[in-house]
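Step one of this worksheet: look at the structure below.
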Amino acid sequence: MQLLKLKETVEFMRFRKGAMVFSILLMLAALGSLFVNKLNFGLDFTGGTLIEVGFDQAANLNQIRQIMDSNGYDDAVVQLYGSSKDVVIRLAQREDVKAEMLGNQILSILKQGTGQELVMRRIEFVGASVGDELTEQGGLAMLTALICILVYVAFRFEWRFALGSVFALFHDVLLTLGLFSVLQLEFDLTVLAAILAVIGYSLNDTIVVSDRIRENFRKIRDGGPEEIINISLTQTLSRTFITSITTLLVLVALFYQGGALIHGFATALLFGVFVGTYSSIYVASAVALGLGISKEDLIPEVIEKEGADQEAMMP
């Protein structure tokens, strides 16, 4: 296989040092925000009350939110549930107020405000201890995913690629958490699911790039690691671009039309697609190159065979 001409190859790695500095600064900013502002945990993690109410006509969510705000429940999260006549209201924990009493108060307020006949479908209370358990389990889920990915990539490719991949995933997760911390967006179980999806998306992109790099190390006899990585990234650029665009089209539709229930999910994935694409180029590949990846590391058996053949040909 002949080397691609210089004009056909994008010199990604030329900017790797500046990109790494930029990434480190963003990660430090995200860590600072997480320590100072922390995350705005939703009811899934903090505990609270969930009330499902049935209306006799299609519910007006904006009207319901205004009614809740005017009666001192400005922290209420109001969402449709299943149909236009079923509404779920989530409220943060309130001291010395039983869930049943709180449900009756909300039902009375909504009846007066909307003038409709309402039915209490269900009322549930999530305690703080359950919220703490979900927080711990969510953190363990992300940690377990990163460890399993490290083991898989190290076994599938090479330990330098494994470290680069895990660092890229850590980079993506940290920046996404930093976004939610800076903007104080609500962090609930749907956002946690989105972050795990971001890990999968970023890993898939990284593995495609790593596989192409290994393949080109086998096929291209000339050129150093940096040049081969640039060629590999250029070859996968169209695939990365098409995948990102099609994913973004779906996520933009979810962001604007999906409703409040999955707004956080769509936000995390939208941001995650951008940082995941960036990290597969300027984090995972750059880290592997910085650690000294070479042809000998990826295909040592081929190098040994070539060396043995050359020795055999010597007089």
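The values are calculated or read from the model by the stated rules, or taken from the named source; none is laboratory data. Just so we're clear, the structure is a prediction, and the values are computed from it rather than from any experiment. Cβ coordinates were reconstructed from backbone atoms using ideal geometry, including for glycine residues, and neighbour counts include every protein chain displayed.
Numbers below:
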read-out: Scope the range 30-51; condition surrounded by 15 or more Cβ atoms within 10 Å (Cβ to Cβ), at pLDDT 90 or above and aliphatic (A, V, I, L, M); matching residues; value: A30, L34
read-out: Failed item in (1) at pLDDT below 80; (2) under 30 Å from I213 (Cα atoms), with K17 passing the rest; value: (1)
read-out: Hits in the range 85-104 - residues which are more than 12 Å from E52 (Cα to Cα) and surrounded by 13 or more Cβ atoms within 10 Å (Cβ to Cβ); value: A92, Q93, R94, A99, L102
read-out: Residue check for Q57: assigned to a loop (DSSP other than H, G, I, E, B), under 15 Å from L110 (Cβ atoms) and out of contact with any helix residue (DSSP H, G or I) (no Cβ under 6 Å at 6 or more places or on another chain); value: yes
read-out: Residue match in the range 130-149 (condition: at pLDDT below 80, outside any helix (DSSP H, G or I) and over 23 Å from the mean Cα position of the chain (by Cα)); value: no
read-out: Total residues in the range 27-49, condition outside any strand (DSSP E or B) and in contact with a helix residue (DSSP H, G or I) (Cβ under 6 Å, 6 or more places away or on another chain); value: 10
read-out: Near pairs, Cβ below 7 angstrom, 6+ apart or cross-chain, from the range 1-23 (surrounded by 13 or more Cβ atoms within 10 Å (Cβ to Cβ) and hydroxyl-bearing (S, T, Y)) to any residue that is assigned to a helix (DSSP H, G or I) and modelled with pLDDT of 90 or more; value: S23/H171
read-out: Any hit, the range 183-201, residues being of a type in the set (D, E, K, R), crowded, with 17+ Cβ neighbours inside 10 Å and touching a residue at least 12 places away in the same chain (Cβ under 8 Å); value: yes
read-out: Qualifying residue in the range 235-258 (condition: closer than 17 Å to A286 by Cβ, touching a residue at least 12 places away in the same chain (Cβ under 8 Å), crowded, with 16+ Cβ neighbours inside 10 Å and among the aliphatic types (A, V, I, L, M)); value: no
read-out: Evaluation of V21 against (1) of a type in the set (A, V, I, L, M); (2) touching a strand residue (DSSP E or B) at 6+ places or on another chain (Cβ under 8 Å); (3) assigned to a helix (DSSP H, G or I) (one fails), failing number; value: (2)
